[in-house]
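Report on the following structure.
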Amino acid sequence: MTTLSLIHSRLTGKPVVRREDDTTRLIGFYPNVEKGMRFFAGVVIVALLTIIVAPALYYGAPAAPPQSLGDLPVTIISGIPAALAPLVELARSWEPGDTLPDLQGWVFGLVLAFVLLMYGAIFAHIWRGITGRPYLAIKMQGDRLSIQRGQCGMPVTIPRDECRAVHVGRRKAGTYEVLLQHGGTLTQIAIVDGHERRALLLKAKIDAMLTDDEERETS
């Protein structure tokens, strides 16, 4: 498998199949988008809370600063009316030319929420790239099928005569799972995001590898 083939697979998102003597190789890149989703969902919740908590502390804490972490929820709740006051004033009575009410607490909350979302998205992307095992390598050689997920992953070797079928299933997150049925077991090949046709394309490529191998054995 040449470097050009690897680059082509990564850029297009399509698996590349190459035949070398009695060996057929398939290379593809399928990052598991579910990895990092829970973390980023948590970051979104924290960012939304920050938009409320930061102004509440900014406007309310100077009057009643919390003495301990246990006092923090009470301080935040009591500071919400003070935080809403400049917004109410801005909406009700402000006109062009008037001095703006103090909105620094809200600006700080929005900026902090934006920073959290930005770094959260970056970390989630890095985490997905590390743990999502995007690299997929399938090798058919003789009577053995080898499946490797991740650049450093350990290949799973399955006897060719045990391979029954390749299935595509939809997952809750809107992704698609490609599975190999061998014997009474289902082995995950890849989790594919995007349109269903990407998963069906991978299935078709693997089916072709298995069928081609069968034809070689009977010829």
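The values are calculated or read from the model by the stated rules, or taken from the named source; none is laboratory data. Being a predicted model, the structure only gives us computed values, none of them experimental. Using ideal geometry, Cβ is built from the backbone for each residue, glycine included, and neighbour counts are taken over all protein chains shown. These accessible areas exclude ligands, DNA and RNA; they are computed on the full protein's heavy atoms, side chains included. Shrake-Rupley method; radii C 1.70, N 1.55, O 1.52, S 1.80 Å.
Which residues, taken from segment 85-106, are modelled with pLDDT of 85 or more and open to solvent by less than 80 Å² (accessible area, probe 1.4 Å)? Once the filter is applied, which keeps residues that are modelled with pLDDT of 85 or more and open to solvent by less than 80 Å² (accessible area, probe 1.4 Å), segment 85-106 yields Ala85, Pro86, Leu87, Val88, Leu103, Gly105, Trp106.
So how many residues does segment 150-172 have that are open to solvent by 50 Å² or more (accessible area, probe 1.4 Å) and either in a strand (DSSP E or B) or modelled with pLDDT under 85 (or both)? Step through it out loud before you land on a result.
The first filter runs over segment 150-172 and keeps only residues open to solvent by 50 Å² or more (accessible area, probe 1.4 Å), leaving 151-152, 154-157, 161-162, 164, 167, 170-172.
If we keep only those that are either in a strand (DSSP E or B) or modelled with pLDDT under 85 (or both) as well, we get 151-152, 156-157, 164, 167, 170, 172.
Within segment 150-172, residues that are open to solvent by 50 Å² or more (accessible area, probe 1.4 Å) and either in a strand (DSSP E or B) or modelled with pLDDT under 85 (or both) number 8.
Report yes if some residue within segment 127-143 is open to solvent by less than 70 Å² (accessible area, probe 1.4 Å), free of Cβ contacts under 8 Å to residues at least 40 places away in the same chain and hydroxyl-bearing (Ser, Thr, Tyr); otherwise report no. No: segment 127-143 contains no residue that is open to solvent by less than 70 Å² (accessible area, probe 1.4 Å), free of Cβ contacts under 8 Å to residues at least 40 places away in the same chain and hydroxyl-bearing (Ser, Thr, Tyr). Among the residues of segment 51-75, those identified as at pLDDT 80 or above and open to solvent by 20 Å² or more (accessible area, probe 1.4 Å) are Ile51, Ile52, Val53, Leu57, Tyr58, Tyr59.
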